[in-house]
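Asker: Let me begin by handing over the structure; questions about it come next.
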Amino acid sequence: MSKTTGGCACGAVRYEFSGDPMMMGQCQCRACQRDSGTGHACHIAVAAAGFGLTGPIKYWDSVADSGNVVSRGFCTECGSPVASKNGGMPQMAFVRAASLDDPTLFKPQLVVWSSKRQPWDHVNPALPAFEKMPPGM
């Protein structure tokens, strides 16, 4: 099985995962806007069991509207957002699409939290969009 790799801008944090992504999506919630510095963040959900991460990463926690604790991980050296965890989905790890060594692998499948969309942030209108999180996520 092939491995997919990625990391932060300075190279101090590295990760890899095996297998196909479970989901690839764009989130327009305010927390993702703030930590991405733009209108949305691009996430890839992978099986937590096949995910490995090394390097100086710091997580900060926030409570999502679902009530789940979301932990967002950044490189302590360069500040790049790299990975995140959702307490309501412990079977998944999430990586930022831009942190992939080959970001062309990212193929968004849906948009979540479209109700928080900024008027200047345009995502593919053909993607299914959910005002909040879809059921089961």
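The values are calculated or read from the model by the stated rules, or taken from the named source; none is laboratory data. Bear in mind the structure is a predicted one, so any value in this text is a computation, not a measurement. Cβ sites come from the backbone with ideal geometry, for glycine too, and all protein chains shown count toward neighbours. With ligands, DNA and RNA removed, areas are computed over all heavy atoms of the protein, side chains included. Shrake-Rupley method; radii C 1.70, N 1.55, O 1.52, S 1.80 Å.
Asker: Please get the size of the charge dipole for the chain, origin at its Cα centre, with Cβ charges of +1 on Lys and Arg and -1 on Asp and Glu, quoted in debye to the nearest 20.
Answerer: Dipole of the chain, to the nearest 20 debye: 200 debye.
Asker: Largest first, how would 120, 113 line up by accessible area (1.4 Å probe)?
Answerer: 120, 113
Asker: Could you grab the relative contact order for the chain? Cα pairs under 8 Å, six or more apart, rounded to a whole percent.
Answerer: 27 percent
Asker: Could you pull out every one of the lysines with an alpha carbon less than 26 Å from that of residue 132, ignoring same-chain neighbours closer than 8 positions?
Answerer: 85, 107, 116
Asker: At what distance in angstrom do the alpha carbon centres of the range 1-33 and the range 85-117 lie from each other?
Answerer: 7 Å
Asker: Averaged per residue, what accessible surface does the chain expose to a 1.4 Å probe, in Å²?
Answerer: That works out to 53 Å² for each residue.
Asker: Let me ask something additional. So for each of 71-78, 126-133 I average, over its residues, the number of other beta carbons within 10 Å; can you give me the resulting order with the highest mean first?
Answerer: Highest mean packing first, the order is 71-78, 126-133.
Asker: Counting only protein heavy atoms, what percent of the accessible surface of the chain is carbon or sulfur at a 1.4 Å probe?
Answerer: Heavy-atom surface of the chain belonging to carbon and sulfur, 1.4 Å probe: 55 percent.
Asker: Taking 8 Å as the Cα distance limit and 6 or more residues as the minimum spacing, I'd like the relative contact order of the range 13-91 as a percentage.
Answerer: Once divided by the residue count of the range 13-91, the mean separation gives 26 percent.
Asker: Ignoring ligands and nucleic acids, what accessible area does residue 82 show with a 1.4 Å probe (Å², nearest 10)?
Answerer: It works out to around 0 Å².
Asker: Quick check on the chain: take the gyration tensor over C-alpha atoms, sort the square-rooted eigenvalues as a ≥ b ≥ c, and tell me if it's rounded (a/c under 1.5), prolate or oblate.
Answerer: The shape class here is rounded.
Asker: Mind running the shape call on the range 85-137? Use the C-alpha gyration tensor, a ≥ b ≥ c as the square roots of the eigenvalues: rounded below 1.5 for a/c, prolate if a/b tops b/c, oblate otherwise.
Answerer: Oblate is the answer for the range 85-137, as a/c is 1.5 or above yet b/c matches or exceeds a/b.
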